[in-house]
Amino acid sequence: MIQSFLVVGGGSAGFLSALTLKKTFPDLPVTVVRSTELGVIGVGESTTVAVPRVLHGYLDLDPGEFYRRVLPSWKLGIRFLWGPRPHFDYAFGRQLDWKWQELNRPNGYYCFDDFTYADIHSSLMSHDKAFPRQENGLPLIESTFGYHIENRRFVAYLEAKAAERGVVALDDEVTRVEQDEHGVTGVRLASGRVLTADLYVDCSGFRSLLLGAALGETYHSFRATLYCDRALVGSWVRADDEVIRPYTTAETMAGGWCWRIDHPDCVNRGYVYSSAFLTDDEAEREYRAKNPKVADAKVIRFPSGRYDRVWAKNVVAVGNAAGFVEPLESTALAVTCDAARILANYLAECDRRPTPAGVRQYNRVFARAWDTIRDFLGLHYKFNTRYTTPFWRAACADVALGPVQELIDFYRENGPSTYFRHSLLDANNMFELEGYLALLVGQGVPHAGRYAPTAEEQRLWEGARERHRRLAENGVTAREALDVVLSPECRWRPGFFAPRTEGQLTSYIAGER
């Protein structure tokens, strides 16, 4: 029976894991050992909708306190400056994987030329608005959003909340990992102490001190699909009158792509590129030409791949110690939250006596999750024809797509059909059919049998787009919404962030989710 936990490494993965374990097992000791000298990566982070629901639903972290201490801004989706269109939006609502009752086909068939204003979330993005406006002038906030978070503030907040809930954090550095045939027997620290536990959670980042370095687990590279291995990161202080964009921007560059993440007090920009096609100096010249306001910038080197097993013997790796892909779809924190939550829930289910079959299933879940993300990101590279540089020519020609090829073949022959969703995609696919259709339609990937709507269908379609446009045009900006949620009078409805079924989601317009 597992009676104690030792988390090696701090950062968001370490303290999210510690908080999750402590919530599930409040009477058991949970210790985090991390070195403040090593620090955290300290970049702007972008999340999916899963992360706010985990933070404020599953972990029950007060949203009011979170907003005041972390100062996040909202993310309604990703705006892609990508492919043949000027841009397209992959929003957190459903634009393409939906069918209005009055129309004969799913929405995707009406979006070949233009799918701006296809749903309320992308419509708000088009007007730099965060939420619809209620009749009383206040924002209509519902839980279909992610966050833009400054990493240092976020980690400091998580560490403080972990301490409040009884997690012990030690400022020390691991100098040696001791082990036998059963796994890790202890970690020796620079101070001379040796710490032991029944289960070790490796959150040591790319170093993967326990799983990779000590246990020597096999690492599986994603190099055949994801060429990028570096990011040049910088920021500038936001002017008071500068709009806070309620979305992440992903912009095609010569050797990769550039993100923009808007925080209330600054704008964070990062150029993700491949060192096989671009030197650091070349990347910096292109980056600074695009972002003249950036002062200091730093290069972060990273691998894309995963360990074949993330749970081996008495070690479970969470976060970058288990796997990593470039931040093109902002999946890192969502996978971290899932890894910690599923670990804690399984240990509760098995009375803290994990079985070999249970461990195998845990490994299977996360091998599949990482591979799904890899294949989805591959779609971004395989079909982006905006640039014809050596990097993009190689990506379009050679990127390996894996099992997602079957969905692409179906799309090419049938268009943006939603009919065989359950056979084309695993039920737990985090991107759902909406994500794949957004990337295929958004990049203008051709398909057979383009649908010709009737005049009446076109009239209904344009009428719905116009309603979305008017609603978004009158929406609330992120700065206006922040003034509301940061006010001491703001109160969040209990259960607001609890998991919901589709039938419980807020409906803005009849017939639309």
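Here are some notes:
- Per-region count, region 276-317, residues in a strand (DSSP E or B), open to solvent by 10 Å² or more (accessible area, probe 1.4 Å) and of a type in the set (A, V, I, L, M, F, W, C): 3
- Looking across region 150-184, the residues that are open to solvent by 60 Å² or more (accessible area, probe 1.4 Å) and in a strand (DSSP E or B) come down to 168, 171, 175, 176, 179, 180.
- For region 116-125, the set of residues classified as touching a Lys or Arg at 6+ places or on another chain (Cβ under 8 Å) and either open to solvent by 10 Å² or more (accessible area, probe 1.4 Å) or among the β-branched types (Val, Ile, Thr) (or both) consists of 116, 117, listed by residue number.
- Residues of region 66-115 classified as open to solvent by 10 Å² or more (accessible area, probe 1.4 Å), closer than 20 Å to residue 54 by Cβ and in contact with a strand residue (DSSP E or B) (Cβ under 6 Å, 6 or more places away or on another chain), total: 1
- Every residue from region 466-487 that is farther than 11 Å from residue 132 by Cβ and of a type outside the set (Val, Ile, Thr): 466, 467, 469, 478, 479, 480, 482, 483, 486, 487
- Failed item, numbered, when residue 261 is tested on (1) in a loop (DSSP other than H, G, I, E, B); (2) in contact (Cβ under 8 Å) with a residue 40 or more places away in the chain; (3) among the hydrophobic types (A, V, I, L, M, F, W, C): (1)
- Breaking point among (1) more than 27 Å from residue 382 (Cβ to Cβ); (2) in contact with a helix residue (DSSP H, G or I) (Cβ under 9 Å, 6 or more places away or on another chain); (3) part of a strand (DSSP E or B), for residue 344: (3)
Here's the yes/no breakdown for (1) outside any loop (DSSP other than H, G, I, E, B); (2) of a type in the set (Phe, Trp, Tyr); (3) surrounded by fewer than 13 Cβ atoms within 10 Å (Cβ to Cβ):
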| site | (1), (2), (3) |
| --- | --- |
| 397 | yes, no, yes |
| 408 | yes, no, no |
| 411 | yes, yes, no |
| 416 | no, no, no |
| 422 | yes, no, yes |
| 429 | no, no, no |
| 460 | yes, no, no |
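- Hits in region 431-458 - residues which are buried (at least 17 other Cβ atoms within 10 Å of the Cβ), not in a loop (DSSP other than H, G, I, E, B) and not β-branched (Val, Ile, Thr): 433, 434, 435, 436, 437, 438, 439, 440, 442, 457
- Of all residues in region 339-359, those satisfying the criterion of being under 22 Å from residue 19 (Cβ atoms) and in contact with a strand residue (DSSP E or B) (Cβ under 9 Å, 6 or more places away or on another chain) are 339, 340, 343, 347, 352, 354.
- Just so you know, in region 329-339 the residues that are small (Gly, Ala, Ser) and farther than 19 Å from residue 315 by Cα include one that is surrounded by the most Cβ atoms within 10 Å (Cβ to Cβ), and it is 332.
- Residue pairs whose Cβ atoms lie under 8 Å apart, separated by 6 or more positions or on different chains, with the first residue in region 190-205 and under 12 Å from residue 6 (Cα atoms) and open to solvent by 20 Å² or more (accessible area, probe 1.4 Å) and the second β-branched (Val, Ile, Thr) and in a loop (DSSP other than H, G, I, E, B), are 198/2.
- The listed residue being under 24 Å from residue 15 (Cα atoms) and not aromatic (Phe, Trp, Tyr), out of 401, 407, 379, 343: 343
- Residue within region 315-326 that is of a type in the set (A, V, I, L, M), more than 23 Å from residue 59 (Cα to Cα) and in contact with a Ser or Thr (Cβ under 6 Å, 6 or more places away or on another chain) present: yes
- Of residues in region 224-262 being out of contact with any helix residue (DSSP H, G or I) (no Cβ under 9 Å at 6 or more places or on another chain) and of a type in the set (Lys, Arg), the one modelled with the lowest pLDDT: 238
- Single match in 386, 393 (criterion: touching a residue at least 12 places away in the same chain (Cβ under 8 Å), surrounded by fewer than 20 Cβ atoms within 10 Å (Cβ to Cβ) and closer than 30 Å to residue 224 by Cβ): 386
- Which numbered condition residue 2 misses (of (1) assigned to a loop (DSSP other than H, G, I, E, B); (2) modelled with pLDDT under 95; (3) open to solvent by less than 40 Å² (accessible area, probe 1.4 Å); (4) not acidic (Asp, Glu)): (2)
- Leading residue by the ranking (most open to solvent (accessible area, probe 1.4 Å)) among those in region 206-253 that are in a strand (DSSP E or B) and of a type in the set (A, V, I, L, M, F, W, C): 237
- Flag if residue 324 is under 18 Å from residue 206 (Cα atoms) and surrounded by 15 or more Cβ atoms within 10 Å (Cβ to Cβ): yes
- Some residue of region 19-40 being under 19 Å from the mean Cα position of the chain (by Cα) and open to solvent by 20 Å² or more (accessible area, probe 1.4 Å): yes
- Count - residues of region 340-383 that are open to solvent by 20 Å² or more (accessible area, probe 1.4 Å) and under 20 Å from residue 278 (Cβ atoms): 1
- So residue 93, is it touching a His at 6+ places or on another chain (Cβ under 7 Å) and modelled with pLDDT under 95: yes
- Near pairs, Cβ below 6 angstrom, 6+ apart or cross-chain, from region 152-176 (free of Cβ contacts under 8 Å to residues at least 60 places away in the same chain) to any residue that is open to solvent by 60 Å² or more (accessible area, probe 1.4 Å) and not basic (Lys, Arg): 175/190
The values are calculated or read from the model by the stated rules, or taken from the named source; none is laboratory data. Because the structure is a prediction, the values reported are computed rather than measured. Note that each Cβ is placed from the backbone with ideal geometry, even for glycine, and that neighbours are counted across all protein chains shown. The accessibility values were calculated without ligands, DNA or RNA, using every heavy atom of the protein model including side chains. Shrake-Rupley method; radii C 1.70, N 1.55, O 1.52, S 1.80 Å.
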